[in-house]
1. Could you tell me whether segment B:195-202 includes any residue that is surrounded by fewer than 18 Cβ atoms within 10 Å (Cβ to Cβ), on the phi > 0 side of the Ramachandran plot and more than 13 Å from every other protein chain (Cβ to nearest Cβ)?
2. Of the conditions (1) in a loop (DSSP other than H, G, I, E, B); (2) farther than 28 Å from residue A:217 by Cα, residue A:139 satisfies every one except a single condition; which number is it?
3. Is it the case that residue A:452 is modelled with pLDDT under 95, within 29 Å of residue B:91 (Cα to Cα), under 27 Å from the mean Cα position of the chain (by Cα) and assigned by the TED database to the domain that holds residue A:307?
4. Collect the residues in segment A:377-397 that are more than 25 Å from residue A:276 (Cα to Cα), more than 12 Å from chain B (Cβ to nearest Cβ) and not in a loop (DSSP other than H, G, I, E, B), keeping them in residue-number order.
5. Can you confirm whether residue A:119 is touching a helix residue (DSSP H, G or I) at 6+ places or on another chain (Cβ under 8 Å) and at pLDDT 90 or above?
6. Return the residues of segment A:98-116 that are out of contact with any helix residue (DSSP H, G or I) (no Cβ under 8 Å at 6 or more places or on another chain), surrounded by fewer than 16 Cβ atoms within 10 Å (Cβ to Cβ) and in a strand (DSSP E or B); say none if nothing qualifies.
7. Given (1) away from chain B (no Cβ under 14 Å); (2) surrounded by fewer than 18 Cβ atoms within 10 Å (Cβ to Cβ); (3) over 30 Å from residue B:93 (Cβ atoms), identify the lone condition not met by residue A:434.
8. Residues being more than 10 Å from chain B (Cβ to nearest Cβ) and either surrounded by fewer than 19 Cβ atoms within 10 Å (Cβ to Cβ) or over 26 Å from residue B:157 (Cα atoms) (or both): count how many of those fall in segment A:407-417.
């Protein structure tokens, strides 16, 4: 009988165990259901919290974006530093890359030259659907994220903001990008030599509106803006006046060959090759020191790495007291101030460009090194070049001379003074001590010419003689010669090209990289 | 001065005119003082001449007037530096502004007396700030400096962030010369004043190396030992090599001056330093010693 009762009891226990199991199972299911319900409720609440404007899960976008005036401050990517750790902030940026990995999505957000890593993980604040949504967003889309800034122990080498990452809580799409990009941005930023046969520069130019967005382009054009600003500031501090000169003119200033013709009502006119004539007229009007910044048009059919048909000219003209070196020193000092200013205030940009296009930092001497043409010829001859004493310097010779000067003086910037008269324009003042030479000078950066300048002839008669010597039609330059007939101060000047100076300062190799919308014989758009 | 005055104690009478006799007295007094000053200057000059031993290198010590510049022809430079190809023979020296090469400045002054030298000072972009005395250490800009071709020699000093002083001359055929002592030897040769006697030449080199390597740290045992040997050497003769002023004196004096504490130096050393100063070439060094 004991056996029977124990059996019975076992059975009962089993039954009890079974019902316990069932109970547990029921409990578990109930928990699950409760969690699911909670989640649903949360989703609903999230939906309810979001502003009317955006819908997180479907991509219905409000294009005008001016529904509400929110004063929610947006932090720039470049300001995301460890000081903001644990703060909850809003950031607007582009999606540079996005990569899903299981329950997490890694994003790199980019604004201008700056990138930061962002992490979206399934958890309290983000659902699985949200993570999936983020991973599927197209690259280059502009998004707003609400995130907490977190410090990282290991530096994130691939981003500009290396000490922090964002833990994203909300994402909204402001402007979506099409899925297929004409040019992958990583390709545009990859250093040369690491890729396909297609000329990178051409590919980049074709898709310029995409290319302007890369970190390198941002840096280049910010630096270019700096050059322009430093040029203006330095000259204004030296007492110069900025003038505006006309670009539609009646006569070609430098010579007939390389000038664009435009139809002008019933006749035709030309696009200015340089502001030369007008700068000088201002000097004759006693402005003393003038400069101008404006487009220059040269119809040269040269397809080289350093010629454009339209570029920005920064021109200077100055009256002097006794010697044209006063002007030359003023110009070289202006250049030195520009170099110093760039070095002081644009280090971030210089480093950014160097990452993609490594080059030696730009070196110079103060005061600027001045060599004479005869010395240059002697140096070239000593290095094995055969050339005449009064011959002009060819481009390869200029480059070689630049290397020789760099070797001896360790400078990338210098002036070559006293060019032979025969190779200079007709309005160049001859050297009073030696009629075969002239009071003219060229300035070089990294062995390439950036400025051609001289003392100008300010006497109408001498000017006429020189023009006749060069077989120039006097009728065409009558107005020019006339401007010197009523008292003209002795003066000198020169002009630089903004794109070329930017290119050479950064050690780049094609002027199209430093012109936002370059123009050459084969390129007219964008 | 028991001169009878017309009115009261004033020097001037009622009309504001000075008494002519008083005026004459004042003028006599001025005249006497002027002659006294002239006498003092002459005696000072003579004292310097007597106490400063002969230095053949420079004939201008006897007259403190404009230096007699002895311009040897360019034939010397052609044989020393190679044929002139029409380019200015420019000696480029890269020096760190933290350690100005005093002996080279003295040699520069000597070169300027012998040749027409175009001197210029530049600051390289690797250095941010250079104190003003270093910018004017080669003297005022030459009037003709706008015409480089008129000069026989160029002396271009560039203040640069370099670890060792460096000289570049003809980069196609010469490697750079490093170290102040070596550059000093090069420049001294341009003056054609090297001792012909090999024994003297060796002694000179020995003194130069001793100064450069062992006078560097003030207060060290080596420093004290060198000062002692300097003192004993100068006890026997006016200059380190005997009767002749040489590069050894220039380099050693500069090292001693740079180390400072010259007022507590031994008697012979002080006398010798004074003689160096009296030569006039060390004038450029004084502003840099502060």
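1. no
2. Here residue A:139 clears every test but (2).
3. yes
4. Residues satisfying the conditions are A:396, A:397.
5. So residue A:119 fails the test.
6. A:101
7. (1)
8. Summing the residues that are more than 10 Å from chain B (Cβ to nearest Cβ) and either surrounded by fewer than 19 Cβ atoms within 10 Å (Cβ to Cβ) or over 26 Å from residue B:157 (Cα atoms) (or both) in segment A:407-417 gives 0.
The values are calculated or read from the model by the stated rules, or taken from the named source; none is laboratory data. For clarity, every value in this text was computed on a predicted model and none was experimentally measured. Cβ coordinates were reconstructed from backbone atoms using ideal geometry, including for glycine residues, and neighbour counts include every protein chain displayed.
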